[in-house]
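The values are calculated or read from the model by the stated rules, or taken from the named source; none is laboratory data. A quick note: this is a predicted structure, and the numbers were derived from the prediction, not measured. Backbone-built Cβ (ideal geometry, glycine too); neighbour counts: all protein chains shown. Quick note on the areas: whole protein, heavy atoms, side chains included, nothing else; ligands and nucleic acids left out. Shrake-Rupley method; radii C 1.70, N 1.55, O 1.52, S 1.80 Å.
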Amino acid sequence: MPASHDWSACATAAVLHARAEMLARIRTFFAVAGVMEVETPILSHAGATDPALASLSLSGGLSSVGFGADRRLFLQTSPEFPMKRLLASGSGPIYQICRVFRGEERGRRHHPEFSLLEWYRPGLDDGQLMDEVADLVRAALQRPRLPMERIRYRDLFREVLDLDPFTAPVQTVREAAITAGIPDADQLDLERDAWLDLLLTQCLEPRLGRSGMSFLCDYPPSQAALARIRPAGEAPYDQAVAERFELYIEGVELANGFHELTDAAEQGARFAHDCAERRRLGLAEIPPDTRLLAALEAGMPASSGVALGLDRLLMIAVGATHIDQVLAFPIERA
C-alpha cells in the first residue's frame, strides 16, 4: 500500500511543546487551589438534549458488553453530567481535562473532537468563578497582568445596537439583523433567541476581549441552559436573568460558565423542553440523563462550573489563526 501524503502532524513541534507546557501550568494552578483532577466516562447511555448540539454515537460491537444490536452509547459533548454526579457524591471541588465530541462542527475555530477543561466549585457563585477563570487564564497564558471586564448581555445590545434583547419583539430583532447587514438576514425565518444569537456572533462578539478578557454575563432566562435564574427585582435588575457567563479574548469565545442549576424538577422540565424542541425541528431523539436527575434529587451542593476550550486558548497563546495549527492530527488526518 503506498504511503499517504498526509501522514505528518499539522501542529509544529513548538506548538506541541506549548500545549504540553500550558497543560502543566493548568494542573499546577489547580493543585495550588486544592481542586482535584478527575476522570469520567467518554461514553454514556444519555446524550446532550440541547437542540444546538449534535451528539455523536456508536452502536457496533456493543453485544460483547451485554447490549443489544439496537442500543447506542453517546460520545460526551461535555463531562458536565457525570462531574455533577461526583459533586452530589461528595467529591468537593473538581476539574477535568478531556476530549469531547460534537457533530456538525468544522471550521476555523471548530473541530468535531476537541480538548476541554471543565471545573466545578462548590460554594462559589458565577461572579466569584469569573474571577477564578481570569486567574486561570492569566496563568495558562503567562500574562499575569491581563485585564478583565464584565459586560452585561443586555447592556452590550443596548449600547452597540440600541436594542433591548430582553423586551424587543422578534420582528424588531430581525430588523436589527437586516439593518446590521448580516448576509441573507432578510431571507431567514428564525425564532427570537436564534436572531439574538446571530446578532451576538456576527455583530458583537468581534468587539469583545480586544484589550484583555471580556466576560459577558447575565443572559436572558430563555438562554439559561443549565444555569440558575436570578429573579427580577434583585438590584440592579428589573428583569430576571440567567446566572451565566461567557469569556472572550480577541473576539473568540473561550468559556461558558454557570451558577449551576441544582433543582431536579426544573432540570427535568428543561430536558423535556429540549426533547420537544428536537422533535419539532426534526432532530434525532436523545435520551435525557436520568442519573443526573437522580443525583440532583439526592442533593448536589450549590456550585458554579465552567467549560473552557483548550484548543482555542492555545490558539491565543501561539497566535494561530486556524484550529488545525494547534492540533497534532485534525480529523482529515486521523
Can you name every residue in the range 277-334 that is open to solvent by less than 10 Å² (accessible area, probe 1.4 Å) and among the polar types (S, T, N, Q)? Ser303, Ser304
Here the residues within the range 175-197 that are in contact with a helix residue (DSSP H, G or I) (Cβ under 6 Å, 6 or more places away or on another chain), open to solvent by 30 Å² or more (accessible area, probe 1.4 Å) and not basic (Lys, Arg) are Ile178, Ala180, Asp186, Asp193
Let me confirm something: among Gly233, Gly257, Gly209, which residue is at positive phi and either at pLDDT below 95 or assigned to a strand (DSSP E or B) (or both)? Gly233
Just the residues that are at pLDDT 95 or above and in contact with a strand residue (DSSP E or B) (Cβ under 9 Å, 6 or more places away or on another chain), please, taken from the range 277-290. Asp289
Which of the residues belonging to the range 102-149 are closer than 20 Å to Ser303 by Cβ, open to solvent by less than 50 Å² (accessible area, probe 1.4 Å) and either modelled with pLDDT under 95 or assigned to a loop (DSSP other than H, G, I, E, B) (or both)? Leu124
Which residues, counting only those in the range 25-46, are more than 18 Å from Arg99 (Cβ to Cβ), of a type outside the set (Ser, Thr, Tyr) and part of a helix (DSSP H, G or I)? Arg25, Phe29, Phe30, Ala31, Val32, Ala33
Residues to consider are Thr201, Thr172, Thr167; find the one that is open to solvent by 40 Å² or more (accessible area, probe 1.4 Å), within 21 Å of Asp218 (Cβ to Cβ) and not in a helix (DSSP H, G or I). Thr167
Taking the conditions exactly as written (out of contact with any strand residue (DSSP E or B) (no Cβ under 6 Å at 6 or more places or on another chain), touching a residue at least 24 places away in the same chain (Cβ under 8 Å) and either over 21 Å from Ala52 (Cα atoms) or part of a strand (DSSP E or B) (or both)), does Leu314 satisfy them or not? yes
Could you identify the single residue in Ala272, Ala284, Ala265, Ala242 that is in a strand (DSSP E or B) and of a type in the set (A, V, I, L, M, F, W, C)? Ala242
Is there a residue being modelled with pLDDT under 95 and open to solvent by 40 Å² or more (accessible area, probe 1.4 Å) anywhere in the range 239-254? yes
Those residues of the range 28-41 which are within 20 Å of the chain's Cα centre (by Cα) and open to solvent by 70 Å² or more (accessible area, probe 1.4 Å) amount to Glu37, Glu39, Pro41
Looking only at the range 47-65, which residues are open to solvent by 20 Å² or more (accessible area, probe 1.4 Å), over 18 Å from the mean Cα position of the chain (by Cα) and not β-branched (Val, Ile, Thr)? Ser57, Leu58, Ser59, Gly60, Gly61, Ser63, Ser64
